[in-house]
1. From the residues in the stretch 19-33 that are in contact (Cβ under 8 Å) with a residue 60 or more places away in the chain and farther than 17 Å from Ser8 by Cβ, which one is surrounded by the most Cβ atoms within 10 Å (Cβ to Cβ)?
2. For the stretch 91-100, check the following and say yes or no: at least one residue is in contact with a helix residue (DSSP H, G or I) (Cβ under 8 Å, 6 or more places away or on another chain), at pLDDT 95 or above and of a type in the set (Gly, Ala, Ser).
3. Going through the stretch 77-110 one residue at a time, which ones are surrounded by fewer than 14 Cβ atoms within 10 Å (Cβ to Cβ) and hydrophobic (A, V, I, L, M, F, W, C)?
4. Name every residue in the stretch 225-237 that is touching a residue at least 40 places away in the same chain (Cβ under 8 Å), in a loop (DSSP other than H, G, I, E, B) and closer than 19 Å to Asn284 by Cβ, in order of residue number.
5. Given (1) surrounded by 14 or more Cβ atoms within 10 Å (Cβ to Cβ); (2) out of contact with any Ser or Thr (no Cβ under 6 Å at 6 or more places or on another chain); (3) of a type outside the set (Phe, Trp, Tyr), where does Val65 come up short, assuming only one miss?
6. Could you tell me whether the stretch 133-143 includes any residue that is more than 19 Å from Ala210 (Cβ to Cβ), within 29 Å of the chain's Cα centre (by Cα) and modelled with pLDDT under 95?
Amino acid sequence: MPARAGSSPRSLGELAAAVAGEVRGDAARAISGVNGLAEAGPGELTFFNNPCYREALAKTRASAVLVTLEGARLLKGPDALVVADPSLAFARISALFHPRPEFAPGVDARAVVEPGAQIDPSATVMAFSFVGRDARIGARAVLFPQVFIGEGSTVGAQALLYPGCVVREGCTVGARVILQPGVVVGADGFGFAWDAAQSEHFKIPQVGTAEVQDDVEIGANSAIDRATLGQTVIGRGSKLDNLVQVGHNVQVGACCILCGQVGIAGSSTLGQGVVCGGQVGVANHVAIVEGTRIAAQSGVKDDVDERGEYIGSPIQLVAEFARSHVAFERGAETMRTVHRLEKRVAELEEKLAALAAGPRTDKP
C-alpha cells in the first residue's frame, strides 16, 4: 500500500514564496492544509477567483485566501495571499500538501512477468498485474493490480497506471503519464471494408501502434485506439477526461484538453492547445488548427483553419452562432408575421380582382 508523505504545516510566507505571491497579513501564520471557500476552517487556505462566490468569501472561516489584487479588496478578516492566478496557485499549493504517494518498489509475487520483460528496480508492479514479453517498465513507474502491459510495450519513468488499465502490444506510455482506472491504450481501431460479394464487413488488420507522450493524463474508461498503419499519438502534456474516444491514426497535439465523452474519429488531427468541451464530436480526416476552443456538444465535420472559439453542430464561430441563434429565436414570430401578410395580400388580391371585373350587369 502507498504511504503518503507527511503534510506538516507551512507558513503563509513560505507558501507565498512557492507561488510568487504577496502576503497581506501575517506571513508567519501556520497553514495546515487547503479547502474550499465554504468548507475551509481555521488554519486552512482557500481561493477566490469568481465574483459568483462573493457571498461565500464573506462567510469563509479560512485563515487565508488566495486572491487577485482586486479580490483582496473584498476580504474582511482572513489574510490575503495575492497572486496573478488564484486557481493555478491553489493547485500548486495543494500539491505541496498532497504530494504523490510513495510506493514500495518491487514486483509482487502474484504478478506475472514474462521472459524478456525489463522492469526497473525502483518500479512497483502490484499483485495480479501482467507484464508481457520484452515489455519495459521505467524507473518509479507504478502498475496497480490488474494492469495489463502487452508484449513489447513501454511504460515510462514515474508513470502511474491505476487498476484495470490496458496497454496493448507495441504501444508506448511516456514518462509521468497517469492512466486512470479502465483506460485502454492500443485497442484495435474501428476499421472494416464492405465485402458486397459476401455481404459482410471485412476486418482491416490494425497493425499500427499508439503512443501516449510524456505528462499526459487520461481519465477513467477512455480509449486510445491503435493505428491501422503508423501511430495514433496523444501529444505531450495533453489531458483527457473520462470516457473519451480517440480513433485510429488520430494525432492530438501537445497540451490539448478533451473533456468527458469527446469522440475523435479516425485520422483527424488536433493542433497544439486545442480544447474540446464535453461531448464534442469530430468527424474523420478533419484538421483543427492549434489554439481552437470548441464548446460542449458541438459537431466538427470540416477542417478548422481559423483559430477561435466555436459552437454548434456544425460548428460556427461564436459571434456568427450568436447572430444565427437570435434569428432562429425570432423565427416563430417572423412566421406569424409572414402568415398575416400573406392573408392580407390574398384579401387585397380578391378586392383587386373584383374591381377589375367591373360592376355586374345581370341584375334585374
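1. Gly21
2. For the stretch 91-100, residues in contact with a helix residue (DSSP H, G or I) (Cβ under 8 Å, 6 or more places away or on another chain), at pLDDT 95 or above and of a type in the set (Gly, Ala, Ser): absent.
3. Matches in the stretch 77-110: Ala84, Ala91, Ala95, Ala104, Ala109.
4. Matches in the stretch 225-237: Arg226 only.
5. It is condition (2) that Val65 fails.
6. Looking through the stretch 133-143, none of the residues is more than 19 Å from Ala210 (Cβ to Cβ), within 29 Å of the chain's Cα centre (by Cα) and modelled with pLDDT under 95.
To keep it simple, each residue is scored yes or no on (1) of a type in the set (Val, Ile, Thr); (2) surrounded by 10 or more Cβ atoms within 10 Å (Cβ to Cβ); (3) under 22 Å from Val282 (Cα atoms); (4) touching a residue at least 60 places away in the same chain (Cβ under 8 Å).
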{"position": "Tyr310", "(1), (2), (3), (4)": "no, yes, yes, no"}
{"position": "Ser313", "(1), (2), (3), (4)": "no, yes, yes, no"}
{"position": "Val318", "(1), (2), (3), (4)": "yes, yes, yes, no"}
{"position": "Thr334", "(1), (2), (3), (4)": "yes, yes, no, no"}
{"position": "Leu341", "(1), (2), (3), (4)": "no, yes, no, no"}
{"position": "Glu349", "(1), (2), (3), (4)": "no, yes, no, no"}
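Residue-wise test of (1) within 25 Å of Asp215 (Cβ to Cβ); (2) not polar (S, T, N, Q).
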residue	(1), (2)
Cys256	yes, yes
Cys259	yes, yes
Asn284	no, no
Val300	no, yes
Tyr310	no, yes
Glu342	no, yes
Glu349	no, yes
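The values are calculated or read from the model by the stated rules, or taken from the named source; none is laboratory data. All values derive from a computational prediction rather than experimental measurement. Using ideal geometry, Cβ is built from the backbone for each residue, glycine included, and neighbour counts are taken over all protein chains shown.
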